[in-house]
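Trainee: The structure is given below, and queries will be raised subsequently.
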Amino acid sequence: MAKSNIFNIDNLSSQDIEEDAELIPLMTTEDEELINKEDLPEVLPILPLKNTVLFPGVVIPITAGRDKSIQLINDANNGDKIIGVVTQKNEEKEQPDLEDINKVGVVARILRVLKMPDGNTTVIIQGKKRFAINELVESEPYLKCSVLEVPEKRPNLVDEEFSAIIDSIKDLSLRIIKDSPNIPSEASFAIKNIESSSFLVNFVSSNMNLDVADKQELLETNDLKDRALATLKYMNLEFQKLELKNDIQSKVQNDMSQQQREYFLHQQMKTIQEELGGVSHESEIEEMRQRAKSKKWDKKVNEHFQKELAKMQRMNPQVAEFSIQRNYLDLFLDLPWNEFSKDKFDLNKAQKILDRDHYGLEDVKRRIIEYLAVLKLRNDMKSPILCLYGPPGVGKTSLGKSVAEALGREYVRISLGGLRDEAEIRGHRKTYIGAMPGRIIQSLKKAGTSNPVFVLDEIDKLSNSHQGDPSSALLEVLDPEQNSEFHDNFLELGFDLSKVMFIATSNNLGTIQPALRDRMEIINVNGYTIEEKVEIAKRHLLPKQIKEHGLKKNQIKIGKPQLEKIIEGYTRESGVRGLEKQIAKVVRYIAKSIAMEEEHDAKINNDKLVEVLGPARLERNRYENNDVAGVVTGLAWTSVGGDILFIESILSKGKGNLNITGNLGKVMKESATIAMEYIKANSENFDINPDVFSNYNVHIHVPEGATPKDGPSAGITMLTSLVSLFTQRKVKKSIAMTGEITLRGKVLPVGGIKEKILAAKRAKVKEIILCADNKKDIEEIKADYLKGLKFHFVSDMSEVLEIALTQQKVKNAKVL
């Protein structure tokens, strides 16, 4: 067995030595004489040992794992307990033959056999006398050989030189035991109590830290004096090494710094981690180095990475900065540097995908196809920054997903609503605890390519705080001239965003920072007409809800009239989000009936709609009658699309005061004042008695006071309402209007024309008055949207009044 120190008592404690006489590793002179008188068996079973040499008189434990060795031990233990022990020449040979073992061995007696939990057998044996193998007798089930005794040449009792050698061995053994911290103190007890010179030499030889070949050479030395002298030489050499080792350790121990101690501890930790199946510090760094070879980054990025990797290699893994540095390098390796997905340029297929996913939105789809066409021709075009602007529920976000599919690119989306920390865009500096890259870089890491379709949702809902202005941080992201070197604070290097196709969505352009809005191409995504909503409900919303509620197509049928009733009576929006919720209610009603096995009709009629959804709530939003003077229908733009607006005016006895109510903003109040002053200045043209203005108070009200209203669009509506009031003339039926006025009576154009026209159609309006400059907006609208509408384009207020007011007086008209 390989020894870890010079002397090895084979795990026998002092108590074992004193109490268990059978295992005492000491041999008296009488014991030695008795052994020498014993006859040597002619044939012995041979037990080969791999890395141990047994000497006569010495007790050692042997662990047997080979089947042949275990059978030999069991047979001998049940018999005379005598075996022959020989050391193998090559310890790697599992089934040694006669040629693989040494010729000189030791006869041994089995003292104890122990069965170990791992299935091996441990046997404690004691050497008797030496023998030499004569010839092989049997090879199965284990080796048996005929043997000859090898006599030992002993010096005379009066040989003073031999006595001096034995005394030197004993003294040197005690000194080695004293100076070595690894040798137990029981060894001194054993050395002092050995009487036999031969056993002393054998005991020391057996426990010295020598190679198996050197020990075998000592065993084969027949002259005891020569063996003792050789043993003493080996001991002197070992003692010199021990003194040198102790001297070095003493010096190094005083000079070792804290850093060196930590290094040795880290080495031990590394070994422990590897034993437990973990990854060591060096293995982790080498893995990163190999991953870096496959990256497509340029020379500048590669040099930066190698520099940071060398920095990590010098770091102590226990410090907090180590984990930050590791996360930093992991980000470098995970980012898709110059890795691009291949674009698909099948424009016909792209058109089909867009038409499949979105009904209507022709302008938006045309712009996307134009972009794909240019990209196909150039193949190096910097991606433009598109901003889809429109009311909620019209499909702005889902358009981004369809564009990604049409292009064959990865799809990434982040919501910017309520975001107010600049670090969310640019990231934190990596020196901070908990530092992370910005959401732009994180999303690109997840996408795995440098050219995904990147949707920036709700860009108009960014806000400011003491943590910075995220909208200003987006300026670099969304500027095609700058984003080729986008700087993230955590990354500390520029990353190319020029191939990313950014699509922003917004409900309100007014809240977007002007500089940011200037960097984007605004694409107006208007609301849907009733006809379009019916088609969207049939193609998309109803099948989706049927699938999500676990129904089959034939279990529910909603006809076109019922869909129109849901749209007109239960939703008031430009998009279809509210419509989808109402359809979901109807589908849930059918799902409940099926689950409870109730009788029901799969076809939904109008009566069933009222039963499920309740009475229609929004039909009141149609035009008001014209039986009352001063009531005019206007058109307004809201965040959820277009809407109709009623303006009411009334006269009461007073001193000519003007009151305005209805939760109006500053601009609308100014429009009312302008309209009033214009009427006063042109009262003769309108055939109005000027005394009315000083004898009556005027009250203008816009219903639904809980809803804030502002903007210039109601200018001509207020003027028409006041003229109708003062002249008591009826307003034309089924007419609505929108436009801004001046003190000179000019009509100015306004925005949101398409949304306002859709609102007019929902309210069953037949005629619309617009500024002449808004005619170009009408020409851009699809002809299907304009069916059933008559437009009047005006430039002066006199034209508005001529079109909107009839010559007929209202019933019970006041005489002013």
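Trainee: Would you mind calculating the relative contact order of the stretch 446-555 from Cα pairs under 8 angstrom and at least 6 residues apart, reporting the percent as a whole number?
Mentor: 29 percent
Trainee: Which value in nm describes the separation of the simple spin-label points at Ile803 and Phe340, placed 7 Å from the Cα toward the beta carbon?
Mentor: 5.2 nm
Trainee: How long is the gain from Ile369 to Asp223 if the chain were fully straight, where each residue apart is worth 0.36 nm and the alpha carbon distance is subtracted?
Mentor: Difference between extended and current length: 42.2 nm.
Trainee: Within a Cβ distance under 13 Å of Pro749, other residues only, what is the Lys/Arg minus Asp/Glu net charge?
Mentor: So the surrounding residues net to +1.
Trainee: Pairs of alpha-carbon atoms within less than 8 angstrom and 6+ residues apart define the contacts here; what relative contact order does the chain have, in percent?
Mentor: Relative contact order of the chain: 7 percent.
Trainee: Here is a follow-up. Quick check: pseudo-label points 7 Å beyond the Cα along Cα→Cβ at Glu521 and Lys461, how many nm apart are they?
Mentor: So the label points at Glu521 and Lys461 sit 2.7 nm apart.
Trainee: With a 10 Å Cβ neighbour count serving as the proxy for reagent exposure, in which order, fewest first, do Ile324, Ile169, Ile716, Ile803 appear?
Mentor: Arranged by neighbour count, lowest to highest, Ile324, Ile169, Ile716, Ile803 become Ile803, Ile324, Ile169, Ile716.
Trainee: What is the Å³ per residue value for the convex hull set by the Cα atoms of the stretch 452-563?
Mentor: 183 Å³
Trainee: Mind listing the phi-derived Karplus ³J(HN,Hα) values for the stretch 35-42, rounded to whole Hz, using 6.51, -1.76 and 1.60 with θ = phi - 60°, and x for any glycine or proline?
Mentor: With the stated coefficients, the stretch 35-42 comes to 5, 5, 7, 5, 7, 8, x, 5 Hz.
Trainee: Per 0.36 nm of contour for each residue apart, how much would the distance between Asp80 and Glu303 grow if the chain were fully extended, relative to their Cα-Cα spacing?
Mentor: Numbers: separation 223, 0.36 × 223 = 80.28 nm, distance 7.62 nm.
Length gained between Asp80 and Glu303: 72.7 nm.
Trainee: Something else: Could you pull out every residue, at least 5 positions away or on a different chain, whose amide H is within less than 5 Å of the one on Leu645? Hs are placed 1.01 Å off N in the peptide plane, and Pro or chain starts have none.
Mentor: Gly634, Leu635, Ala636
Trainee: Between Met315 and Lys251, how high is the FRET efficiency from 1/(1 + (r/R0)^6) when r is the Cβ-Cβ distance and R₀ = 35 Å? Nearest 0.05. Each step should come with its number before you reach the end.
Mentor: On the way: r = 30 Å, r/R0 = 0.85.
That gives a FRET efficiency of 0.75.
Trainee: Starting from the amide H of Lys129, placed 1.01 Å from N in the peptide plane, find each other amide H under 5 Å away whose residue is 5 or more places distant or on another chain.
Mentor: Val107
Trainee: Still on this model: Any aspartates and glutamates with Cα under 13 Å of the Lys560 Cα? List them, leaving off those in the same chain fewer than 8 positions away.
Mentor: Counting by Cα, and skipping residues close in sequence, Lys560 has these aspartates and glutamates nearby: Glu531, Glu532, Glu535, Glu568.
Trainee: Return the FRET efficiency for the residue pair Gln95, Glu135: r is the Cβ-Cβ distance, R0 is 22 Å, and the value is rounded to the nearest 0.05.
Mentor: Computed FRET efficiency for Gln95 and Glu135 comes out at 0.65.
Trainee: If you don't mind, another one. Give the angle, between 0 and 90 degrees and rounded to the nearest 10, that separates the Cα long axis of helix 715-727 from the longest principal axis of the Cα atoms of the chain.
Mentor: Compared with the principal axis, the helix lies near 30 degrees.
Trainee: Please give the helix 753-762 orientation as an angle from the longest Cα principal axis of the chain, in degrees from 0 to 90, rounded to the nearest 10.
Mentor: 70 degrees
Trainee: Right, next: Ranking Phe55, Phe189 by Cβ neighbours within 10 Å, fewest first, what do you get?
Mentor: Phe189, Phe55
Trainee: Follow-up question, since we're still on this one. Please identify every one of the trypsin sites (Lys or Arg not before Pro) in the stretch 428-478 that sits in a loop by DSSP and has no more than 15 other beta carbons within 10 Å of its own beta carbon. Mind showing how you got there, number by number?
Mentor: Working: sites: Arg429, Lys430, Arg439, Lys445, Lys446, Lys461; in loops: Arg429, Lys430.
Sites meeting the loop and neighbour criteria: Arg429.
Trainee: Below 8 Å between Cα atoms, with a sequence gap of 6+, how large is the relative contact order for the stretch 60-172 in percent?
Mentor: Working: 161 pairs, mean separation 25.6, N = 113.
With pairs under 8 Å counted, the relative contact order is 23 percent.
Trainee: Arrange the following residues from fewest to most other Cβ atoms within 10 Å of their Cβ: Ser721, Ser294, Ser168, Ser443. The partial results should precede the final answer.
Mentor: On the way: Ser721 29, Ser294 7, Ser168 15, Ser443 18.
Exposure proxy ranking, most exposed first: Ser294, Ser168, Ser443, Ser721.
Trainee: For Ile741, what residues show an amide H to amide H distance below 5 Å, using hydrogens built from the backbone and excluding near sequence neighbours?
Mentor: Correct list: Gly715, Ile716, Leu748.
Trainee: Could you state the principal axis extents of the C-alpha atoms in the stretch 748-795, from the largest down, to the nearest angstrom?
Mentor: Ordered largest first, the stretch 748-795 gives principal extents of 25, 18, 15 Å.
Trainee: Now for a separate question. Karplus couplings for the stretch 585-596 from phi (6.51 cos²θ - 1.76 cosθ + 1.60, θ = phi - 60°), rounded to Hz, Gly and Pro as x?
Mentor: 4, 5, 5, 4, 4, 5, 4, 5, 4, 5, 5, 8
Trainee: For Ile768, what is the net charge nearby, where nearby means another residue's Cβ is under 11 Å from its Cβ and Lys, Arg count +1, Asp, Glu -1?
Mentor: Details: positive: Lys756, Lys761, Lys766, Lys790; negative: Glu767.
That works out to +3.
Trainee: For the chain, give the share of DSSP beta bridges that are antiparallel, in percent and rounded to the nearest 5; count only bridges with both residues there.
Mentor: Antiparallel: roughly 55 percent of the beta bridges in the chain.
Trainee: Let me ask something else about it. Just to confirm the number: angle between the C-alpha axis of helix 224-255 and the first principal axis of the chain, 0 to 90 degrees, nearest 10?
Mentor: Taking Cα atoms only, the helix is inclined about 30 degrees.
Trainee: Let me check the size of the stretch 530-619 from its C-alpha atoms; what are the radius of gyration and Dmax in Å?
Mentor: 12.3, 38
Trainee: A further question follows. Residues of the stretch 428-444 with backbone nitrogen within less than 12 Å of a virtual label 7 Å along the Cα-to-Cβ line of Glu492, please, listed as ranges.
Mentor: The answer is 429-432.
Trainee: Same structure, new question: Give me the extension gain from Leu789 to Asn156: residue separation times 0.36 nm, minus the current Cα-Cα distance, reported in nm with one decimal.
Mentor: 214.0 nm
Trainee: Moving to a separate point now. Mind checking the alpha-carbon convex hull of the chain and giving the volume per residue in Å³?
Mentor: Numbers: hull volume 254.0 nm³, N = 816.
Spread over its residues, the Cα hull of the chain gives 311 Å³ apiece.
Trainee: Something else: Within the stretch 658-746, which GluC sites (Glu not before Pro) sit in a loop by DSSP and count at most 10 neighbouring Cβ atoms inside 10 Å?
Mentor: When the GluC sites (Glu not before Pro) of the stretch 658-746 are filtered for loop state and at most 10 Cβ neighbours within 10 Å, Glu684 remain.
Trainee: Would you please classify the overall shape of the stretch 14-220 from the alpha carbon gyration tensor, given that a ≥ b ≥ c denote the square roots of the eigenvalues, rounded means a/c under 1.5, and beyond that prolate means a/b larger than b/c while oblate covers the rest?
Mentor: Here the stretch 14-220 falls in the prolate category.
A short reminder: the numbers here are calculations on the coordinates, not readings from a lab. Treat the numbers as computed from the prediction; the structure is a model and nothing was measured. So basically every Cβ, Gly included, is an ideal-geometry build from the backbone, and we count neighbours across all protein chains shown.
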